[in-house]
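A quick write-up on the structure given underneath.
The values are calculated or read from the model by the stated rules, or taken from the named source; none is laboratory data. Since the structure is predicted, the reported quantities are computational estimates derived from the model, not experimental observations. Reconstructed Cβ throughout: ideal geometry from the backbone, glycine too, with neighbour counts over all protein chains shown. The accessibility values were calculated without ligands, DNA or RNA, using every heavy atom of the protein model including side chains. Shrake-Rupley method; radii C 1.70, N 1.55, O 1.52, S 1.80 Å.
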Amino acid sequence: MDHLTIYTDGASRGNPGQAAAAWLILRGDEVLESDVLTLGRATNNAAEYSALNAALRRAAKFCTPKETKVEVFSDSNLMISQMTGRYAVRSDDLRPLYEKAKQLASEFASVAYTHVPRENAYVGSCDWLCNNALDLLSLKSAPARNKAPDKIECTPIGIVRSPFDNTDDAPRQGIFTGKPSRITIYEKYRDGLSGLAAGDKVFILCWFDRAERDILKVKPHGHGKGEMRGVFSTRAPVRLNPISLTLVTIISINDLVLTVKGLEALDKTPLLDIKPYYADIDS
């Protein structure tokens, strides 16, 4: 005879209010299913019954019901007492859910019901599933913010070590230098280097921390007719957000250090990101 164990929990915020039902189905120590569903507006007791019904319905897919004994554990004293016949079902709202539970249970060889405290680890897991689902539902239903964020934070993933100590030493663009630079990736981002190899072309995104950030018009070098142009139409390093984008070639990779050719960044410039170059979409 097969044996399955079911743990359930239901939650309602408002009682009635937004509700969710969750369950765990086990065979021995093996978790066959852990799932949750949102119910819309419902009472806590209705959510408890909904969890039981969903669990019984799903359990039938993991066994031959007539050859399977099921044990149900829940912290709902009312539901357990009604399913075992100790309490009568007096609520018109709960009666259809109760009758459905009895019908689903009749498909198995037997179903036993046990009340357990909320502190039970498996019931606690179901409780977490319910509350997490309701938290996500609350976020989705929250009105969208029309205001753009005042501040966006970037986290450096490494640092550039280059032969250029100041802007007078650095070339206008990386293509105009043959001097190599070294990029050191911070240890916590080591896994992000997987897949890179010597010879690869990659885009390097840096934060030009020493660039001016209050200039909107410049005279671009090598392009245009020498007239003033907005920085958004140029590659000038002076920008409101001094993010640089440079195509380089990886010469070598030694642990967390990438030696690259074609980078114009100053020494000790923060590195924001590395992205691969794909000839079919980037040229």
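Quick look at the values:
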quantity: Looking only at the range 172-196, and only at residues there that are open to solvent by less than 30 Å² (accessible area, probe 1.4 Å) and of a type outside the set (Gly, Ala, Ser), the one that is nearest to residue 252 (Cα to Cα); calculated: 183
quantity: Residue identified as at pLDDT 95 or above, at negative phi and under 26 Å from the mean Cα position of the chain (by Cα) among 21, 54; calculated: 21
quantity: Spans of strands (runs of 3 or more DSSP E) in the range 200-283 with at least 3 residues surrounded by 15 or more Cβ atoms within 10 Å (Cβ to Cβ) and within 31 Å of the chain's Cα centre (by Cα); calculated: 201-207, 243-254, 270-276
quantity: Selection within the range 1-51 - β-branched (Val, Ile, Thr) and open to solvent by less than 20 Å² (accessible area, probe 1.4 Å); calculated: 6, 8, 25
quantity: Unmet criterion (only one of (1) closer than 24 Å to residue 155 by Cα; (2) not in a loop (DSSP other than H, G, I, E, B)) for residue 175; calculated: (1)
quantity: Only listed residue being open to solvent by 50 Å² or more (accessible area, probe 1.4 Å), outside any helix (DSSP H, G or I), among the basic types (Lys, Arg) and within 13 Å of residue 8 (Cα to Cα), chosen from 86, 58, 90, 118; calculated: 118
quantity: Single unsatisfied condition, residue 188 versus (1) free of Cβ contacts under 8 Å to residues at least 24 places away in the same chain; (2) in contact with a strand residue (DSSP E or B) (Cβ under 6 Å, 6 or more places away or on another chain); calculated: (2)
quantity: Test for residue 156: is it at pLDDT 90 or above and assigned to a loop (DSSP other than H, G, I, E, B); calculated: yes
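Per-residue answers, yes or no, for (1) in contact (Cβ under 8 Å) with a residue 24 or more places away in the chain; (2) touching a helix residue (DSSP H, G or I) at 6+ places or on another chain (Cβ under 7 Å); (3) of a type in the set (Val, Ile, Thr):
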{"residue": "7", "(1), (2), (3)": "yes, yes, no"}
{"residue": "19", "(1), (2), (3)": "yes, yes, no"}
{"residue": "22", "(1), (2), (3)": "yes, yes, no"}
{"residue": "29", "(1), (2), (3)": "no, no, no"}
{"residue": "40", "(1), (2), (3)": "no, no, no"}
{"residue": "43", "(1), (2), (3)": "yes, no, yes"}
{"residue": "46", "(1), (2), (3)": "yes, yes, no"}
{"residue": "52", "(1), (2), (3)": "yes, yes, no"}
{"residue": "55", "(1), (2), (3)": "yes, no, no"}
